[in-house]
Structure formats: C-alpha cells, structure tokens
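The values are calculated or read from the model by the stated rules, or taken from the named source; none is laboratory data. Just so you know, these numbers come straight off a predicted model, no measurement behind them. Methodologically, a virtual Cβ is constructed for each residue, glycine included, from the backbone with ideal geometry; neighbour enumeration extends over all protein chains shown. Note: areas computed on protein heavy atoms with side chains; ligands, DNA, RNA excluded. Shrake-Rupley method; radii C 1.70, N 1.55, O 1.52, S 1.80 Å.
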Amino acid sequence: MRLTSEFWVSQLTRRVFNDGGYAAVMKTGAAEAGAIFIKLQFRDGTASLYAPGPQTDYDTDKPQDRSFSLVLDRVAAGEIDARLEREARFDADFWAVELELGEME
C-alpha cells in the first residue's frame, strides 16, 4: 500500500524541521494521490525543482519511497514559480513543498 500524498508531505516537513531546516507547503493538492513537487531553496537566491519520477520507478516492496527527477537546477526562484503555475493549468491537484536545507549548500 502506497502512502498518501498528504501523509508523505507531512512526514517530509516534520523530518526537515527536525533536522534544523525549513519546510513550507506552498500548495496543497489531492490528499490521496496528488503529485508532489519539491522546490529546494538555496541561500544564494537560486532554487532547484524536483518533479515526480516516472511511475515505473514505484517499488511495491517500499511503498513509502517516492522517486523524484531534477527538472530545474539552481535557477532563479521565479523560474520555478512560473513552472509550477504552468503545472497548475495542467493538473490542479498537485502538491508543492519548499525546503531550505543548510547542509546541502
């Protein structure tokens, strides 16, 4: 059984805060199976965007795991916001989570 998107996002934000980082849900999507996008914000003002990986990466032995693909790397934050706006026109039920992780810089 795969974890719901709502539960997975909740655990991600809790884990990030627990590790001393910052996490915010920018957009709430479908609780059960909404796609999840992750915006990784860096202190230099750039950001990276991770989008859901291919469904073929789903592993029934590890239903809590999710696969992500890097689609924008260290670009201006506005580029990511524009990409998420385009995604919203295609699929309004996705989640967007912003993270700041000090150890990744």
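List of remarks:
- Neighbourhood charge, 12 Å Cβ-Cβ cut-off, centred on Ala30 and excluding it, Lys, Arg +1 and Asp, Glu -1: -3
- For the stretch 4-16, putting each phi into the Karplus relation 6.51 cos²θ - 1.76 cosθ + 1.60 with θ = phi - 60° gives couplings of 5, 4, 4, 5, 4, 5, 4, 5, 4, 5, 4, 5, 5 Hz, in residue order, rounded to whole numbers and with x for Gly and Pro.
- Taking 0.36 nm per residue of sequence separation and removing the Cα-Cα distance, the Ala88/Asp73 pair yields an extension gain of 3.4 nm.
- Candidates Phe37, Phe90, Phe17, ranked by Gaussian network fluctuation over the chain, Cα under 10 Å, top entry: Phe90
- Computed from point charges on the beta carbon alone (+1 for Lys and Arg, -1 for Asp and Glu), the dipole magnitude for the chain about its Cα centre is near 120 Debye.
- Averaged per residue, the chain has 61 square angstrom of accessible surface, using a 1.4 angstrom probe with ligands and nucleic acids left out.
- Summary value for the chain: 39 percent relative contact order, contacts being C-alpha pairs under 8 angstrom separated by 6+ residues.
- Where only alpha carbons of the stretch 6-53 are counted, the Rg and the Dmax (Å): 11.5, 35
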